[in-house]
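Just below is one structure, and these are the notes that go with it.
Read the figures in this text as sums done on the coordinates, not as results from a lab. Because the structure is predicted, anything quoted here is derived from the model rather than measured. Quick reminder, even Gly has a Cβ in these numbers, built from the backbone with ideal geometry, and neighbours come from all protein chains shown.
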Amino acid sequence: MKFHVMIAEDERLGREELTYLLEQEEDVTLCPSAESGEQLIQLYHEYKPDVLFLDIHMPGLTGLEAAETLRNEEGYEPVIVFTTAYDTYAVQAFDLQATDYLLKPFDKARFDIAMKQVREELMKKQNKRPKIDKLIISIDKKMVVIDPLQIGYVVREDRQLLVHMLTNEVIETRMNLKELEEKLRAFPFYRPHRSYLVNLDAIEEIIPWFNGAYNIVIKDKNKSQVPMSRTVAKEFFDVLQGLT
């Protein structure tokens with residue numbers, strides 16, 4: 001299971017050290033890092049990471065204050081590992097439902113223990129996630145209820161999402177792609193390109209394109225094609241084969 005991690009650390013060396021450690025983990029995808037509590041909240045809303053490595057001492061809004069702010073938001077879900085050079089904040093960290101607490105400088109063996117706990121916590125959250133049968137999409141002033149498995153693919157165009165159904169009907173919504181991806185997490189959807197989301201069960205074939213990129217052919221009436229970027233190709237094929 002791949003998961004997204006965001007680092008919030010105001011010291012460059014601390015960011016680089018954590019980045020190096022996390023880059024060695026095959027199931028981790030790194031989001032852009034934050035250098036303050038305020039920037040963390042902004043980036044969190046944009047990228048919705050699964051895990052936060054959050055420095056307690058940052059200028060302005062501290063890591064503890066940022067975590068408290070996020071915890072009070074509806075739909076807050078990330079696993080938190082607090083990082084600090086001091087060992088006096090453990091109680092406050094765990095009061096904020098932190099999964100672990102790492103002291104600087106980081107020890108690889110202790111980091112591995114934290115990652116084990118992170119994966120266990122993510123698995124618990126995944127198992128608790130309710131299975132939904134329908135998807136509700138807001139369109140103008142009304143709500144449309146659709147079967148997610150009847151979606152062929154979704155594409156972002158300007159500030160709108162176009163939801164292409166297998167029937168060739170197209171539903172337009174102002175929901176952002178990350179938000180829709182989150183709503184469809186219980187279903188077999190994958191993001192093969194930054195502007196597309198595709199139903200894995202709706203794939204008919206995959207055609208090589210150029211420079212390691214591919215086109216995904218959808219089982220709709222038009223045999224629509226969805227681009228797959230070269231950078232995600234290996235992970236995409238691993239997902240299709242059940243290797244991740």
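Please express the Cα-Cα pair-distance distribution P(r) of region 135-240 as a list of whole percents, one per 10 Å bin, running from 0 to the bin with the greatest distance.
Computed distribution, short to long bins: 15, 50, 30, 5, 0.
Among Asp220, Asp238, which comes first, second and so on when ranked by fewest other beta-carbon atoms within 10 Å?
Working: Asp220 18, Asp238 12.
The fewest-first ordering by Cβ neighbours comes to Asp238, Asp220.
Ranked by Cβ crowding within 10 angstrom, fewest neighbours first, how are Glu181, Glu121 ordered?
Numbers: Glu181 15, Glu121 19.
Least to most surrounded, the residues fall as Glu181, Glu121.
In whole Å, how far is the Cα centre of region 135-172 from that of region 192-220?
Distance between centres, Cα-based: 18 Å.
Quick one: His45, His57, fewest Cβ neighbours within 10 Å first, how do they rank? All intermediate terms of the calculation are to be shown ahead of the outcome.
Values: His45 11, His57 15.
Result, fewest neighbours first: His45, His57.
What is the Å³ per residue value for the convex hull set by the Cα atoms of the chain? Each step should come with its number before you reach the end.
On the way: hull volume 35.6 nm³, N = 244.
Output value, Cα hull per residue: 146 Å³.
In region 1-34, which residues have a backbone nitrogen under 18 Å from the label point lying 7 Å from Glu65's Cα in the Cα-to-Cβ direction?
8-11, 34
GNM on the chain, C-alpha springs below 10 Å: top fluctuator among Ser229, Ser36, Ser138?
Ser138
Restricting to the chain, what percent of DSSP beta bridges are antiparallel, rounded to 5? Walk me through the intermediate numbers first.
Numbers: 30 of 47 bridges.
So the antiparallel bridges in the chain amount to around 65 percent.
Before rounding to the nearest 500, sum -39500 (n - 2.57) across all DSSP H runs of length at least 4 in the chain and divide by the residue total; then give [θ] at 222 nm in deg cm²/dmol. Intermediate values should be presented prior to the final figure.
On the way: 7 runs with 74 residues, N = 244.
Estimated from H runs of four or more residues: -9000 deg cm²/dmol.
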